[in-house]
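These notes concern the structure reproduced below.
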Amino acid sequence: MSKTPTLVLKVKNVRCIRDATLELPLGSRTVLIGTNNSGKSSLLDILTVALRSVSPSGLPAISASYYRREGTALARPEIEISIPVSTGLQNDEPLANTEGSLAVGLIGSQKAPVMKAAQSTAAFMLAPILLEFRGGDRNRRLLLPTDGYTNRTELTGNVAYLQTAPSIHSDNQWKLLDEETPRPAGEATLGHYANWNSPLSRALRAFSERIFSLRAARDPQFSGSEVEARLSQGSLQNVTPILKWLFYRQSYWREIQAAFSMVFDQVDHIFFEDSPGGSVPFAALRDGFKLAIADMGFGLRNVLQILTVLFAAPLRSIVLIDEPEQGLNQQKQRDFATILEDVRPDITLLCATQAEAFCRGLSATSVCLADLSGNVTSLNKVDVTTRDGLRKIARGMGINPLYLYEGGRILFVEGASDRMIIEHWLRHNFGELGDRIEVQELGGCGKIGEEFARPMFVNFSDKVFFLLDSDGDSPTEPLGRGIQERVRWFKKQSIEQYLILGRREIENYVGWEALASAANIHPDRIHPPAGFELFFDFKQAIKKELGYYDEKRISVGAYLKLPSDRQKYLFEGENDAIVAQLRKFLNA
């Protein structure tokens, strides 16, 4: 029995990913789960870039923020993707029945690290250094031209904007090994020029047209439109034309309606009504009422958008979805996960999520934990149907129930930089007593709302303490919406061991002068408006200047450069109250 064709992605030096491999068997379902900033979305982004690098439109581009930072140095991204031949070649191609693969290797521009801060968001070209067919005794390789490059490995000249990048399919840019004579793998003899209609070019072009990327954060529109019904490779701006296209294909329409109703049982069916801008979709509810899809909740619209893409996508497509469960409660997350496992078995689906409830709805899906340790992410497969698998997810997301069960105490903070700063601050204020408490990061206050975490917080409420950012925007709105929800839940569960900082984030206590120094920019560039010092978003301001924000170098580095007394009394007027509450927690 032949092995299932598998797409293999190898990534080096992309943000927190130093070296990782992700395997996607064709037709499989894979879920990436992990805390904030663990690299899930980065993997989806870079996979999209790499897959579309074979498009006739030209070479891909990324911003310098994707470059991994090792201290003050930048490491260039390296991506290699191995594509099974059967996904790109049709039956009329002689290579279609082989077990070979198309390998695409890309490397980031060497000049990106030396660009000025104002250009840090420029579209730096990812230049291919490898494009070849691998199969049996046949090895066909596309090579880079020498013009503009010092050599194939260094590529010191590959800085370009996307609109000026050369096409990999143009006759004068690429050379192809002789396609007619089988050669041992690795033998490289230059033959004729490649052209737009070569088997490899056709295979790569067909493959690139079946890559679809969806982000829940981009609010899908369901409005009247005369736009041609065409499924975009990017996130859909208006779902209505594609949905209408499916409506006239009754076999598809019955399936999409059945799947949708399984998640939203209050919806009987979907239909179209005319409006001044064109016909728009409506939901007929089981209670007899009707409601325009555009006026319904985000979760419902997001599910309908995802199902529309899945049913409209060509055969053997690859669909990447960031946070498919957005807007759904825990039960509906499980229901939707079950649906995604069953629909379109020919499609390869990769999702990224932080929702344990979504993973609970999976049975035939590979779950991969993006485990962030220090500033390096590793990818590890996890069986979420076992207690040990759930424990691994909990630990990887900054929550360690085993430590609590054994009598330990945990001080939860929101992120990695908060953890490093608070660990240092504890030693200043508690000495050896601080060793009795473990500081763990939640990966955002939203983790308190996770289904698998809440029972642990309630059952071990005497052994956990939450020190959370206020996320406030102004003195009149001192608490962000997410924090308000967490506080309401704390009160409902009679959890008293928590403290909300009086300022937006720890960075607002460190101060803009220290942050600017650590970021190597002038303080005036991030000076907050008068009266907003306590609630100014310094991370966003610095990111706007640099194109990125390195929490370890800037947040932690700025704190460590403060005088010792400022480190100890970091929270200034709030410091004594915080110390008193934590001392009571430790001595309880």
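Rule-based calculations on the coordinates, nothing more; no lab input. These figures come from a predicted structure and were not determined experimentally. Neighbour counts run over all protein chains shown; Cβ positions are idealised from the backbone, glycine included.
Our estimate of slack between residue 493 and residue 436, defined as 0.36 nm per intervening residue step minus the Cα-Cα distance, is 18.0 nm. Near residue 268, the amide H atoms lying under 5 Å from its own belong to 284, 285, 286; only residues 5 or more places off or on other chains count, and H is placed 1.01 Å from N.
On the beta carbon distance between residue 560 and residue 477, with R0 = 35 Å, the FRET formula returns roughly 0.65. Taking 22 Å as the limit for the C-alpha separation, the pairs 332/447; 447/492; 244/290; 492/568 exceed it in the case of 492/568.
Here region 270-315 is treated as a sphere whose radius is the Kirkwood value from Cα pairs; by Stokes-Einstein at 4 °C and 1.567 mPa s it diffuses with a coefficient of 110 µm²/s. Measuring nothing but alpha carbons in region 236-301 and taking Rh as the Kirkwood radius, the Rg to Rh ratio lands at 0.93.
Close amide H partners of residue 344, meaning residues 5 or more places away or on another chain with modelled amide H under 5 Å apart, do not exist here.
For region 210-366, the Stokes-Einstein estimate of translational diffusion at 4 °C and a viscosity of 1.567 mPa s comes to 82 µm²/s, using the Kirkwood hydrodynamic radius over alpha-carbon pairs.
Taking every pair of alpha-carbon atoms in region 289-332, what share in percent sits in each 10 Å bin, from 0 to the bin with the longest distance? P(r) over region 289-332, rounded to whole percents: 23, 46, 26, 5. Taking 1.567 mPa s as the viscosity and 4 °C as the temperature, the Stokes-Einstein diffusion coefficient of region 404-489 based on its alpha-carbon Kirkwood radius rounds to 93 µm²/s. In units of the rule-of-thumb radius 2.2 N^0.38 Å, region 415-555 shows an alpha carbon radius of gyration of 1.14.
If R0 equals 35 Å, the separation of the Cβ atoms of residue 342 and residue 70 corresponds to a calculated FRET efficiency of about 0.20. Report the FRET efficiency, 1/(1 + (r/R0)^6), for residue 388 and residue 575, where r is their Cβ-Cβ distance and R0 is 41 Å, rounded to 0.05. The formula returns an efficiency of 0.50 here. Paramagnetic label reach from residue 513 (point 7 Å along Cα→Cβ; backbone nitrogen cut-off under 18 Å): within region 544-559, residues 555, 557-559.
Annotation: amide H-H contacts under 5 Å for residue 35 (H modelled 1.01 Å from N, sequence separation of 5 or more, or interchain): 372. The mean of 1/r over all distinct Cα pairs in region 538-588, once inverted, gives the Kirkwood hydrodynamic radius of 13.1 Å. In region 481-577, the inverse of the mean reciprocal separation of distinct Cα atoms equals 14.8 Å; this is its Kirkwood hydrodynamic radius.
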